[in-house]
Amino acid sequence: MATTPLMQEFPELSRLSRDDLEDLLNDHGYFQSIFHSLSPVKQLYESQAELSTANEAIARSNLSLQDRLYQLRSETKDAFDEAKALEARWKVLEREHKELYQRFTPQFLLMRLRHATTDLDNASETLASSFVQSSARLNDASDVDEFIRQFREMRKAYHKRVMWGDRWAAGQVIWHDDQWTR
């Protein structure tokens, strides 16, 4: 009998007679029993069983990691939510910082100095007017001494503020922003 490619690939079939081969084609049960007894098919089933066992082991391993994965996912979500909340809080704090820092900018401080100078000038003039109006009723020299002391202190402070404002306007006052960040 000549060897065919089928016989070369499946040498187990070479021992079958022609009648057996015809029965093999006609009888499905016989075909199945011969087919499953072939070495390549057995090897294929063994490989499939090994792969199935390996897949089951991987699946068991994955299932054993599932709870930890869910826990990590929850922790990650919590950390992300916390980070988002902190980011929102950062924006609020940054805005508050900017508003607070605005009160200490050189321009704002100069404006406050000018307002305080004007207020002090007005207060000292009010004190002097009040003293002049009530001077007819003053009997005590201590009242005059007290007026002079208060008026001198107010005018002294007023003139200091005027000098500081003039120096500032002349560019003789230098502000360093790094003072505020220490």
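Looking at Glu9, Glu56, Glu94, Glu46, which one is surrounded by 10 or more Cβ atoms within 10 Å (Cβ to Cβ), at pLDDT 85 or above, more than 30 Å from Ala170 (Cα to Cα) and more than 41 Å from the chain's Cα centre (by Cα)? Spell out how you get there, then give the answer.
Working: Glu9 fails: at pLDDT 85 or above; Glu56 fails: more than 41 Å from the chain's Cα centre (by Cα); Glu94 fails: more than 41 Å from the chain's Cα centre (by Cα).
Unique residue meeting the criteria: Glu46.
Just one of Leu127, Leu38, Leu100 is within 30 Å of Arg167 (Cβ to Cβ), in contact (Cβ under 8 Å) with a residue 24 or more places away in the chain and not small (Gly, Ala, Ser); which is it? Give the derivation first.
Numbers: Leu38 fails: within 30 Å of Arg167 (Cβ to Cβ); Leu100 fails: in contact (Cβ under 8 Å) with a residue 24 or more places away in the chain.
After applying the criteria, what remains is Leu127.
To keep it simple, each residue is scored yes or no on (1) part of a helix (DSSP H, G or I); (2) of a type in the set (Ser, Thr, Tyr); (3) modelled with pLDDT under 95.
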site: Leu110; (1), (2), (3): yes, no, yes
site: Asp119; (1), (2), (3): yes, no, no
site: Asn122; (1), (2), (3): yes, no, no
site: Ser134; (1), (2), (3): yes, yes, yes
site: Asn139; (1), (2), (3): no, no, yes
site: Asp143; (1), (2), (3): yes, no, yes
site: Ile148; (1), (2), (3): yes, no, yes
site: Arg167; (1), (2), (3): yes, no, yes
site: Trp180; (1), (2), (3): yes, no, yes
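State yes or no: is Ile148 loosely packed, with under 10 Cβ neighbours inside 10 Å, of a type in the set (Val, Ile, Thr) and at negative phi? Give the steps one after another, and end with the answer.
On the way: loosely packed, with under 10 Cβ neighbours inside 10 Å: no; of a type in the set (Val, Ile, Thr): yes; at negative phi: yes.
Taking the combined requirement at face value, the residue does not satisfy it.
Just to confirm my filter: which helices (runs of 4 or more DSSP H) fall fully inside region 1-90 and include at least 3 residues that are of a type in the set (Asp, Glu)?
Working: elements: 5-9, 18-26, 28-37.
So the answer is 18-26.
Kindly indicate whether Phe31 is closer than 30 Å to Gln8 by Cα and out of contact with any Phe, Trp or Tyr (no Cβ under 6 Å at 6 or more places or on another chain). Lay out the reasoning, then the answer.
Values: closer than 30 Å to Gln8 by Cα: yes; out of contact with any Phe, Trp or Tyr (no Cβ under 6 Å at 6 or more places or on another chain): yes.
Taking the combined requirement at face value, the residue satisfies it.
Look at Gly171 and say whether it is outside any helix (DSSP H, G or I), of a type outside the set (Asp, Glu) and either in contact with a Ser or Thr (Cβ under 7 Å, 6 or more places away or on another chain) or on the phi > 0 side of the Ramachandran plot (or both).
Criteria met by Gly171.
Looking at Asp27, Asp23 in this structure, which one is at pLDDT 85 or above and touching a helix residue (DSSP H, G or I) at 6+ places or on another chain (Cβ under 6 Å)?
Working: Asp27 fails: touching a helix residue (DSSP H, G or I) at 6+ places or on another chain (Cβ under 6 Å).
Every option except Asp23 fails the conditions.
Mind listing whichever residues of region 97-129 are surrounded by 10 or more Cβ atoms within 10 Å (Cβ to Cβ) and among the basic types (Lys, Arg)?
Arg112, Arg114
The values are calculated or read from the model by the stated rules, or taken from the named source; none is laboratory data. Just so it is clear, the model here is predicted, and its values are computed rather than measured. All Cβ positions, even for glycine, are placed from backbone atoms using ideal geometry, and neighbour counts span all protein chains on display.
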